[in-house]
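Trainee: The structure under discussion is supplied below as structure tokens; questions concerning it will follow.
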There are 2 protein chains.
Amino acid sequence: MADPKAGANPLFLRDEDLRAAIELLFFGYRDFTARADVILAKQGFGRAHHRVIYFVGRHPGITVSSLLDILGITKQSLSRVLSQLVRENYILQKKGTQDGRQRLLYLTDKGHELEKLLTTEQRARIAAAYKDAGAVAVDGFRKVMLGIMNDSARRRFKTPEK
Amino acid sequence: MADPKAGANPLFLRDEDLRAAIELLFFGYRDFTARADVILAKQGFGRAHHRVIYFVGRHPGITVSSLLDILGITKQSLSRVLSQLVRENYILQKKGTQDGRQRLLYLTDKGHELEKLLTTEQRARIAAAYKDAGAVAVDGFRKVMLGIMNDSARRRFKTPEK
DNA sequence: ACGATATGTCAACAGTGCTGACGTATATGG
DNA sequence: CCATATACGTCAGCACTGTTGACATATCGT
């Protein structure tokens, strides 16, 4: 694009720029998830399984309700994939010690293995894109993505959760 | 197991940074599409309908096979939503003049209306995020998203296609 | 003891991918 | 002109994932 979109007039957003952004998100997200989808299909799993595996790996001991908050789906939808993952020994449930109603979720070794298999390619893809783009671009990417998401999701990134 | 972060990655890319990127994409994309999904649901449509509406609006006169290339789905999947959109008068098909086998796709007025309704909020969301982030960040966002997507998709952005 | 909360489950339905199998119209090369 | 390839459409069936609605059980807190 030989167009002066930056510089003197940085806030002037043409329709073309907005359309481009929509498409960057569409193609980027599609290609980002495509490889993992293939691996999942071979195991009889889908993207929902991946998300559960991912976030349980990310937050060991997470409760079912926290996981529901993160995923933004109904408990019935989660139950379908979660119970399958527990049954097939990818995820372990432990009764909460403070609150016995809770079922704390952990990856088993088998679960860790699958998580690694699934996200290795995704991490490599991100790492390569980050490296090519450079540190300043990475910071810009973060800023824009944070701006796109809802407040509730943005808060996850603002407050260090560990 | 608890901490494989620093060390392996050049350019200071910690495991934490890569995980954050994965989550930025997940939450960003999820929230980006959520509002449009609600509007679509009210019409008995889904995200697939939106994509068809969007890309036909973007490329008036596009052929079915080009649309298939862009969407990356099978013709049977496309047919289901496309024939519905044609039947309900959102999209118009014209027989190709050079090649009579082709069915060139156009939005009807009704189609344009729906497209506008669907993407107005998305554009506003992008515009707000872009404004907050600033021109430098926008450029970085573009760079990273281009780096994440596959070559074939990236080419759509490199070569100005109109 | 009682109401609220955390979780699980059964059932039905919708949307959107997929594969496989055909069918028609049109273009193109020999 | 004919044979083959291409563009498009469609029927059928299956899988995954989201939804709503209705219940059920265990546990917590008062």
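Trainee: For the stretch B:48-158, what size does the Cα cloud have along each of its three principal axes, sorted from largest down, in whole Å?
Mentor: Taking the Cα atoms of the stretch B:48-158, the three principal extents are 46, 31, 25 Å.
Trainee: Taking amide H positions as placed 1.01 Å from N in the peptide plane, with prolines and chain starts having none, which residues 5 or more places from A:Ile62, or on another chain, fall under 5 Å of its amide H?
Mentor: Amide H neighbours of A:Ile62, under 5 Å, 5+ apart: A:Leu105.
Trainee: Moving on to the next point. As a test question: what accessible area, to the nearest 10 Å², does B:His50 have when a 1.4 Å probe is rolled over all protein chains in place?
Mentor: That residue has around 20 Å² of solvent-accessible surface.
Trainee: Then there's this: What is the average number of partner chain Cβ atoms found within 10 Å of a Cβ in B:124-132?
Mentor: Partner Cβ neighbours, averaged per residue: 6.
Trainee: Next question, about the same structure. Report Rg(Cα)/(2.2 N^0.38 Å) for the protein assembly as shown, keeping two decimals.
Mentor: 1.07
Trainee: With a 1.4 Å probe and every protein chain left in place, tell me how much accessible area A:Lys116 has, in Å² to the nearest 10.
Mentor: Result for A:Lys116: roughly 140 Å² accessible.
Trainee: Less than 16 Å apart at the alpha-carbon level, and either on another chain or at least 8 residues along: which aspartates and glutamates does that give for A:Lys94?
Mentor: The qualifying aspartates and glutamates are A:Asp109.
Trainee: To continue, here is another question. Accessible area lost on pairing B with A, both sides, 1.4 Å probe, Å² to nearest 100?
Mentor: Adding both sides of the contact gives about 6300 Å².
Trainee: I've got another one for you. Which cross-chain or sequence-distant (5 or more) residues have an amide H under 5 Å from the amide H of A:Ile91, H modelled 1.01 Å from N in plane?
Mentor: Amide H to amide H, under 5 Å and 5 or more residues apart or across chains, A:Ile91 pairs with A:Val86, A:Thr108.
Trainee: Right, next: Give the lysines whose C-alpha is closer than 27 Å to that of A:Lys131, dropping any in the same chain fewer than 8 places away, or say none.
Mentor: Answer for A:Lys131, where 27 Å is the Cα cut-off: A:Lys5, A:Lys116, A:Lys143, A:Lys158, A:Lys162, B:Lys5, B:Lys131, B:Lys143, B:Lys158, listed by chain and number.
Trainee: A follow-up question, please. Sketch the reach of a paramagnetic label on B:Gln43 as a point 7 Å from Cα along Cα-to-Cβ, and name the residues of the stretch B:54-71 whose backbone nitrogen lies under 13 Å away.
Mentor: Answer for this model: B:54-57.
Trainee: Rolling a 1.4 Å sphere over the protein heavy atoms, what is the accessible area per residue of chain B, to the nearest Å²?
Mentor: Solvent-accessible surface per residue comes out at 53 Å².
Trainee: Can you list, shortest first in nanometers, how far B:Lys116 lies from the same residue in the other copies, with each label 7 Å from Cα toward Cβ?
Mentor: Distances to the matching label points in the other copies: 5.5 nm.
Trainee: Keeping all protein chains in place and using 1.4 angstrom, which order do B:Arg30, B:Arg103, B:Arg80 fall into by accessible surface area, from largest down?
Mentor: B:Arg80, B:Arg103, B:Arg30
The values are calculated or read from the model by the stated rules, or taken from the named source; none is laboratory data. This one's a predicted model, so the numbers in the text were calculated from it and none came from an experiment. All Cβ positions, glycine included, derive from the backbone under ideal geometry; neighbour counts span all protein chains shown. What goes into the accessible areas is simple: the full protein's heavy atoms, side chains included, and nothing from ligands, DNA or RNA. Shrake-Rupley method; radii C 1.70, N 1.55, O 1.52, S 1.80 Å.
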